[in-house]
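K.L.:
Below you will find the structure I want to go over with you.
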Amino acid sequence: MEKLLAGQIALVTGASSGIGYGVAKALADAGASVVLNYHSHAESAQKLADEITRSGGAAIAVKADVSSPADIDAMFDACVARFGTVDIVVANSGLQKDSAFADMTLDDWQIVLATNLTGQFLTAQAAVKEFRRRGSRPVSKALGKIICMSSVHEVIPWAGHVNYTASKGGVQMFMKSLAQEVAPERIRVNSIAPGAIRTRINHDAWDTSDAQRKLLQLIPYGRVGEVEDIGKAAVWLASDESDYVVGTTLFVDGGMTLYPGFVGNG
Ligand code: BGC
């Protein structure tokens with residue numbers, strides 16, 4: 001059977017670990033050639049690129065700070081030089097710098113906004129320009145697809161994390177406004193909003209049985225998510241199987257946004 005993303009080229013930011021790593025791997029498994037962007041962990045991005053290449057796919061690792069316009073340009077240039085263009089862009093890079101509100105430094109506010117929100121702006125802008133430059137390709141019904149990595153915290157407030165929630169709340173309206181603007185050109189922009197996915201970013205929330213028990217109270221489906229859960233959603237959103245899905249946030253969260261605290265309460 002033909003793979004769902006055969007012949008397509010994908011670029012994933014923040015692909016050296018966590019959700020980005022899982023998404024890049026899933027897109028490659030679905031037949032896409034992949035540009036794996038990393039910021040600091042060259043070895044793990046290169047390791048994944050080698051793994052994809054060994055199993056018959058194509059991938060390169062490219063360093064870039066997504067908050068730097070020059071880095072973004074260089075990354076898209078490297079993508080076009082190697083693969084000719086790009087069809088699927090996943091703006092995934094994100095980080096947390098948590099603290100109680102009154103203690104939060106301006107630096108910690110700005111760093112989080114720069115990567116999580118400005119990074120998505122710069123990545124998506126470069127994607128739109130490249131889709132327009134190269135025009136239609138027979139590999140997909142859409143001119144191009146952009147997937148923004150959001151979070152359940154685009155809607156769930158989170159004390160102690162105002163920088164992170166402000167960035168993800170921003171991603172929500174950024175994605176929808178951009179989707180509205182470029183849909184007439186057949187560019188599909190959507191978000192995935194993961195819940196608690198087992199990665200380094202939330203290690204403290206699942207690494208002891210006590211922490212995990214507390215976390216599971218927030219997840220009706222009764223398990224912590226895995227990066228593969230997000231990878232599968234990304235493959236679908238990037239493929240023509242979701243061709244009529246435009247400007248939507250797909251929550252992949254085991255029901256976290258169902259407010260389980262209201263069961264028998266309220
Ligand atoms: C955060 C994680 C958190 C999850 C659910 C994610 O966006 O990065 O740290 O576990 O939301 O609260």
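K.L.:
Closer than 23 Å to Gln110 by Cα and either open to solvent by 30 Å² or more (accessible area, probe 1.4 Å) or more than 14 Å from the ligand (Cβ to nearest atom) (or both): is that true of Trp158 in this structure?
P.N.:
When the stated conditions are applied, Trp158 passes them.
K.L.:
Test Ala193 against the stated conditions and say whether it is within 13 Å of the ligand (Cβ to nearest atom), open to solvent by less than 60 Å² (accessible area, probe 1.4 Å) and either within 22 Å of Phe121 (Cα to Cα) or at pLDDT below 95 (or both).
P.N.:
Numbers: within 13 Å of the ligand (Cβ to nearest atom): yes; open to solvent by less than 60 Å² (accessible area, probe 1.4 Å): yes; either within 22 Å of Phe121 (Cα to Cα) or at pLDDT below 95 (or both): yes.
Yes: the conditions hold for Ala193.
K.L.:
Moving to a separate point now. Within segment 162-177, identify whether any single residue is more than 30 Å from Gln125 (Cβ to Cβ), within 9 Å of the ligand (Cβ to nearest atom), of a type outside the set (D, E, K, R) and outside any strand (DSSP E or B), and answer yes or no.
P.N.:
Within segment 162-177, the subset more than 30 Å from Gln125 (Cβ to Cβ) is none.
Scanning segment 162-177 turns up no residue that is more than 30 Å from Gln125 (Cβ to Cβ), within 9 Å of the ligand (Cβ to nearest atom), of a type outside the set (D, E, K, R) and outside any strand (DSSP E or B).
K.L.:
Right, another one. Residue by residue through segment 29-64, note down the ones that are β-branched (Val, Ile, Thr) and open to solvent by 10 Å² or more (accessible area, probe 1.4 Å). Steps first, please.
P.N.:
Here is the first cut: in segment 29-64, the residues β-branched (Val, Ile, Thr) are 34-35, 52-53, 60, 62.
Ile52, Thr53, Ile60, Val62, listed by residue number.
K.L.:
If I ask for residues that are within 16 Å of the ligand (Cβ to nearest atom) and open to solvent by 90 Å² or more (accessible area, probe 1.4 Å), which ones from segment 221-265 would you list?
P.N.:
Residues satisfying the conditions are Tyr221, Arg223, Leu258, Tyr259.
K.L.:
Let me ask something else about it. Do we find that Ile187 is within 12 Å of the ligand (Cβ to nearest atom), β-branched (Val, Ile, Thr), open to solvent by less than 30 Å² (accessible area, probe 1.4 Å) and within 30 Å of Ala81 (Cβ to Cβ) in this structure?
P.N.:
It is false that Ile187 is within 12 Å of the ligand (Cβ to nearest atom), β-branched (Val, Ile, Thr), open to solvent by less than 30 Å² (accessible area, probe 1.4 Å) and within 30 Å of Ala81 (Cβ to Cβ).
K.L.:
Now a separate question. Could you check segment 1-118 for helices (runs of 4 or more DSSP H) lying wholly inside it with 2 or more residues that are more than 17 Å from Ser167 (Cβ to Cβ), aliphatic (A, V, I, L, M) and touching a residue at least 60 places away in the same chain (Cβ under 8 Å)?
P.N.:
Details: elements: 18-29, 42-54, 69-83, 106-113.
Per the criteria, 18-29.
K.L.:
Among the residues of segment 120-155, write down those that are open to solvent by less than 30 Å² (accessible area, probe 1.4 Å) and small (Gly, Ala, Ser).
P.N.:
Selection gives Ala124, Ala126, Ala127, Gly135, Ser140, Ala142, Gly144, Ser150, Ser151.
K.L.:
Another question, then. Pull up segment 221-266, narrow it to residues that are assigned to a helix (DSSP H, G or I) and of a type in the set (Phe, Trp, Tyr), then point me to the one that is farthest from Arg200 (Cα to Cα). Break it down into steps so the answer makes sense when it comes.
P.N.:
The first filter runs over segment 221-266 and keeps only residues assigned to a helix (DSSP H, G or I), leaving 227-238, 240-242, 256-258, 260-262.
When the remaining residues are screened for being of a type in the set (Phe, Trp, Tyr), the result is 236, 262.
On the way: Trp236: 25, Phe262: 29 Å.
The extreme case among them is Phe262.
K.L.:
Specify which of the listed residues (Asp87, Asp77) is open to solvent by 30 Å² or more (accessible area, probe 1.4 Å) and either more than 16 Å from the ligand (Cβ to nearest atom) or more than 22 Å from Lys25 (Cα to Cα) (or both).
P.N.:
Values: Asp87 fails: open to solvent by 30 Å² or more (accessible area, probe 1.4 Å).
Criteria check complete, one pass: Asp77.
K.L.:
Of all residues being polar (S, T, N, Q) and within 16 Å of the ligand (Cβ to nearest atom) in segment 115-155, which is nearest to Tyr259 (Cα to Cα)? Just the residue, please.
P.N.:
In this case the residue turns out to be Ser151.
K.L.:
If you don't mind, there's one more thing I want to ask. With respect to Ile201, is the statement that it is in a helix (DSSP H, G or I), open to solvent by less than 30 Å² (accessible area, probe 1.4 Å), of a type in the set (A, V, I, L, M) and within 13 Å of the ligand (Cβ to nearest atom) true? Please lay out each step first, then the result.
P.N.:
Numbers: in a helix (DSSP H, G or I): yes; open to solvent by less than 30 Å² (accessible area, probe 1.4 Å): no; of a type in the set (A, V, I, L, M): yes; within 13 Å of the ligand (Cβ to nearest atom): yes.
Here the answer is no, as Ile201 does not meet what is asked.
K.L.:
From the list Leu117, Leu113, which one is more than 22 Å from Ala234 (Cβ to Cβ), within 18 Å of the chain's Cα centre (by Cα) and crowded, with 16+ Cβ neighbours inside 10 Å?
P.N.:
Working: Leu117 fails: more than 22 Å from Ala234 (Cβ to Cβ).
Exactly one residue qualifies, and that residue is Leu113.
K.L.:
Answer yes or no as to whether Ala211 is at pLDDT below 95, surrounded by fewer than 17 Cβ atoms within 10 Å (Cβ to Cβ), within 12 Å of the ligand (Cβ to nearest atom) and among the aliphatic types (A, V, I, L, M). Steps first, please.
P.N.:
Details: at pLDDT below 95: no; surrounded by fewer than 17 Cβ atoms within 10 Å (Cβ to Cβ): yes; within 12 Å of the ligand (Cβ to nearest atom): yes; among the aliphatic types (A, V, I, L, M): yes.
No.
The values are calculated or read from the model by the stated rules, or taken from the named source; none is laboratory data. All values derive from a computational prediction rather than experimental measurement. Virtual Cβ from ideal backbone geometry, glycine too; neighbours counted across all protein chains shown. Ligands, DNA and RNA are stripped out before the accessible areas are found, and what is left, the full protein with its side chains, is counted by its heavy atoms. Shrake-Rupley method; radii C 1.70, N 1.55, O 1.52, S 1.80 Å.
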